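Structure first, then comments.
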Amino acid sequence: MALMKYAPQALKNLFMKPATKKYPLEKPVYPDGSRGHVTISIDECISCGMCARACPNGALKVDRNAGTWTIDRFDCIACGYCVLKCPKKCLFMEKGYQTPGPEKKEETFTKSPEVLAAEEEKRKEAARKAAEAKAAMAAKAAGESKPAEEKKD
């Protein structure tokens, strides 16, 4: 008798499409607003460290001198604060998930040598301009102090 209770549902299920997907053949479609994981376009990054300071777990490390950006995927909670705080918008929340690995490790991204050389050239140029401005200010201050001394005489 109890079998007859479930017969309508069983017949209905025979003519319905399956609820599951054929995963390897059909890629999953992630809905809008799903977090996924953090990715970076490293050559656009200015290594300011805003993302590392915004990370509540401390999963990010930025080394400006070496031009590296490191993320510990096991510590990252995919909250997206780093993406919001990035001034250059080079961080993205990628839909989907990372492929699992056998060991816990950090993932390090390094800038290309061309970008590192260009940044070093910019730093040298900025230091040169700062030195020139400082010398000009010192000369201007020295020039202003001489007439003041002459007026006293």
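The values are calculated or read from the model by the stated rules, or taken from the named source; none is laboratory data. Note that the coordinates shown come from a computational prediction; the quantities given were computed from them, not determined experimentally. For neighbour counting, all protein chains shown are included, and Cβ atoms are generated from backbone atoms with ideal geometry for every residue, glycine included.
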**OP:** Tell me, please, whether a residue that is of a type outside the set (Lys, Arg), under 22 Å from residue 123 (Cβ atoms) and surrounded by 11 or more Cβ atoms within 10 Å (Cβ to Cβ) can be found in region 77-93.
**Re:** yes
Subject >> Number of the condition not met by residue 85 [criteria: (1) closer than 17 Å to residue 42 by Cα; (2) more than 13 Å from the chain's Cα centre (by Cα); (3) in contact (Cβ under 8 Å) with a residue 24 or more places away in the chain] >> reply: (2)
**OP:** State which residue pairs qualify: first residue under 22 Å from residue 122 (Cα atoms) and in the same structural domain as residue 74 (by TED's automatic domain parsing) and inside region 40-58, second residue in a helix (DSSP H, G or I) and among the aliphatic types (A, V, I, L, M) in any location, beta carbons under 8 Å apart, and separation of 6 or more residues or different chains.
**Re:** 43/115
Original post:
Counting just the residues of region 100-121 that are among the basic types (Lys, Arg) and surrounded by 10 or more Cβ atoms within 10 Å (Cβ to Cβ), which one comes out farthest from residue 74 (Cα to Cα)?
Top reply: 111
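Residue-by-condition table, conditions (1) out of contact with any strand residue (DSSP E or B) (no Cβ under 7 Å at 6 or more places or on another chain); (2) in a loop (DSSP other than H, G, I, E, B):
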residue: 22; (1), (2): yes, yes
residue: 48; (1), (2): yes, yes
residue: 52; (1), (2): no, no
residue: 76; (1), (2): no, yes
residue: 89; (1), (2): yes, yes
